[in-house]
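The values are calculated or read from the model by the stated rules, or taken from the named source; none is laboratory data. Just so it is clear, the model here is predicted, and its values are computed rather than measured. Counting neighbours? That spans all protein chains shown, and the Cβs are built from the backbone with ideal geometry, glycine included. Protein only, heavy atoms only, side chains kept; ligands, DNA and RNA dropped before computing areas. Shrake-Rupley method; radii C 1.70, N 1.55, O 1.52, S 1.80 Å.
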Amino acid sequence: MKINFANFSLPKNGALIVAVQKGKKLGKAAADLDKKHGGIIATAIKNNPSFEAKHGQTLLITNLEFGRLLLCGVDVDAKNPEKSLLSLGGKLYSLLNSHKIKTATFAPELSDADCAKIALGATLKSYYFGKYFTKKKADELPCVENITISVSSPAKAQGLFKAEQLIADAISFTKNLVTEPANVIYPESYAAEIKKLSKSGLKVEVLGEAAMKKLGMGSILSVGQGSARESQMVIMTYNGGKKGEKPLAFVGKGVTFDTGGISIKPASGMDEMKFDMAGSATVVGLMKLLAERKAKVNAVGVVGLVENMPSDRATRPGDVVKSMSGQTIEVLNTDAEGRLVLADCLWYTQSRFKPKFIVNLATLTGAIIVALGSSRAGMFSNDDELAKKLEKVAELTDENLWRLPLGEVYDKQINSQIADMQNIGTDREAGSIMGAVFLQRHVNGTPWAHLDIAGTAWCKKGSDIHPKGATAWGVRLLDKLVREYYE
Ligand code: BES
Ligand code: MN
Ligand code: ZN
């Protein structure tokens with residue numbers, strides 16, 4: 001799909017979508033057409049009381065000389081324009097697709113910057129992962145080819161959209177990684193994909209199992225040891241800020257497939273566990289975006305890539321391993337593997353980079369889905385200021401989260417009888433918090449936030465701006481965090 005920007009003119013073909021503002025007030029294009037065609041628009045609105053001109057609501061009127069004419073309610077929420085504009089673009093795309101409209105002109109009668117955001121919304125919603133279909137019929141495929149958005153200065157709008165497109169590209173990149181099956185994306189093939197981002201301006205280092213062993217990373221290695229695939233840790237650095245300034249650090253869980261290991265998961269729904277690397281994919285997409293948009297910050301991304309498999313070499317429940325921090329861990333459940341992966345990633349990140357903060361993302365617990373559903377991620381933080389910033393940018397981007405507690409009462413529940421800690425609580429209580437306090441023991445006091453994205457990383461229904469499937473939750477959130485507070 002291609003999006004263009006142009007001054008308004010009646011299209012020669014396709015559909016024309018004109019704005020109707022709050023209170024059913026016709027935009028300029030609508031008013032002109034109404035006059036030219038003997039009041040058809042006013043009549044249509046009168047005869048369709050269910051069309052209230054709510055933001056994004058549409059009404060198909062009739063065919064005119066060029067094609068179809070549609071009305072679209074445009075009433076941008078002044079409190080949250082970004083959310084409002086993206087969803088307008090997404091809804092517009094869905095509408096065109098469901099009406100099988102290939103070419104359309106949209107006259108929202110908004111600023112150039114607002115129009116660029118609408119274009120981003122449409123682009124995000126147009127994401128389509130079709131590479132494995134070999135015989136889809138044409139009418140099952142997305143059909144929208146061209147959207148022209150009417151603006152006052154096309155060149156300016158085009159320039160603004162170019163910047164938005166970098167965001168869309170990063171999000172598609174993340175979604176592709178998450179959607180690829182686990183026989184295609186496994187630790188080494190994944191690391192090779194990340195390596196290719198050197199061309200975007202990232203420095204990419206890959207640690208294999210031998211290197212991790214040397215560093216004492218017994219925790220992450222214990223997760224991958226049952227798999228035929230070699231575990232990898234990938235470190236991406238981007239220096240766009242002042243020389244010597246402490247970097248921002250982002251850490252991601254990259255379990256390319258989570259069978260549960262010896263504590264094996266039930267068969268039903270296990271296929272979903274290909275998305276257990278979504279946290280890492282968000283970190284990778286974010287780092288790509290920061291580099292490509294030449295953000296004025298220093299940033300580092302660290303992802304732990306492993307496959308959690310049962311085998312004769314796999315970790316057994318009850319095994320004791322030692323993490324890079326020097327602390328010992330009794331692995332009581334091999335399905336609580338994400339925290340074992342992150343423990344070494346977090347320790348490594350703080351000890352090597354001394355970052356301003358660490359934000360980690362992980363599809364860590366099923367319990368967070370029970371608690372918050374799929375519309376908010378769980379946030380845990382040892383730093384109120386960082387937590388507040390994240391809450392603020394969550395609002396701006398509509399990538400929502402909810403803060404949950406840490407604390408002594410919870411922390412002591414992971415003390416083990418025979419090691420420094422165990423990887424699960426003593427019963428099934430407070431499952432997501434148990435994961436968080438475990439991670440906290442590996443950040444060495446660094447300002448840190450853990451985002452549990454098990455519920456938000458994959459969307460079974462689709463939203464205004466994402467088709468169903470991978471959401472790349474966190475890319476826009478963390479990009480906004482960087483823009484608002486660190487550039
Ligand atoms: N990857 C899962 C968590 C998950 C569940 C993500 C559902 C997305 C959807 C994680 O590794 C896991 O298995 N967690 C266990 C922890 C338990 C053993 C303490 C869980 O949530 O059941
Ligand atoms: Mn698991
Ligand atoms: Zn997992």
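Tabulated values for the structure
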read-out	value
Point-to-point label distance, Asn183-Lys468, nm (Cα→Cβ direction, 7 Å offset)	2.4 nm
DSSP beta bridges in the chain [antiparallel fraction, %, rounded to 5]	40 percent
Residue order for Asp258, Asp271, Asp169 - accessible surface, 1.4 angstrom probe, largest first	Asp271, Asp169, Asp258
Probe 1.4 Å, accessible area per residue of the stretch 339-389, Å²	34 Å²
Square roots of 5 times each gyration tensor eigenvalue, C-alpha, the chain, largest first, Å	46, 22, 21
Potential lengthening between Asn400 and Ala78 on full extension [0.36 nm per residue; Cα-Cα distance subtracted]	114.1 nm
Full-stretch length increase - Lys199, Lys461 - with 0.36 nm per residue and alpha-carbon distance subtracted	90.8 nm
In Hz, Karplus ³J(HN,Hα) per residue of the stretch 21-28 (6.51, -1.76, 1.60; θ = phi - 60°; x = Gly, Pro)	8, 3, x, 6, 7, 6, x, 5
R0 of 22 Å, Cβ-Cβ distance His99-Lys24: FRET efficiency to nearest 0.05	0.50
Helix-only mean residue ellipticity at 222 nm for the chain, each DSSP H run of n ≥ 4 adding -39500 (n - 2.57), per residue, nearest 500	-11000 deg cm²/dmol
Cα gyration tensor shape of the stretch 416-462, rounded if a/c is under 1.5, else prolate or oblate by comparing a/b with b/c	oblate
Two-decimal log10 I(q)/I(0) for the stretch 326-471, as the Debye equation yields it once each C-alpha is a single scatterer, q = 0.16, 0.22 Å⁻¹	-0.86, -1.44
Carbon/sulfur fraction of accessible area - the stretch 277-399, other protein chains in place, 1.4 Å, %	48 percent
Solvent-accessible surface (1.4 angstrom probe) belonging to Arg441, in square angstrom, nearest 10	50 Å²
Whole-percent carbon and sulfur share, accessible surface of the stretch 180-219, 1.4 Å	56 percent
Pairwise label distance in nanometres, Lys135 with Arg68, each label 7 Å out on the Cα-Cβ vector	3.0 nm
Chymotrypsin sites (Phe, Trp or Tyr not before Pro) restricted to the stretch 86-139 and DSSP loop, no more than 11 other C-beta within 10 Å	Tyr132, Phe133
Length added when fully stretched, Ala267-Ser9, from 0.36 nm per residue minus Cα-Cα	87.2 nm
Efficiency of FRET between Asn48 and Gln417 - r from beta-carbon atoms, R0 60 angstrom, step 0.05	0.30
Computed E for Glu487/Glu385 - FRET, C-beta separation, R0 22 angstrom, nearest 0.05	0.80
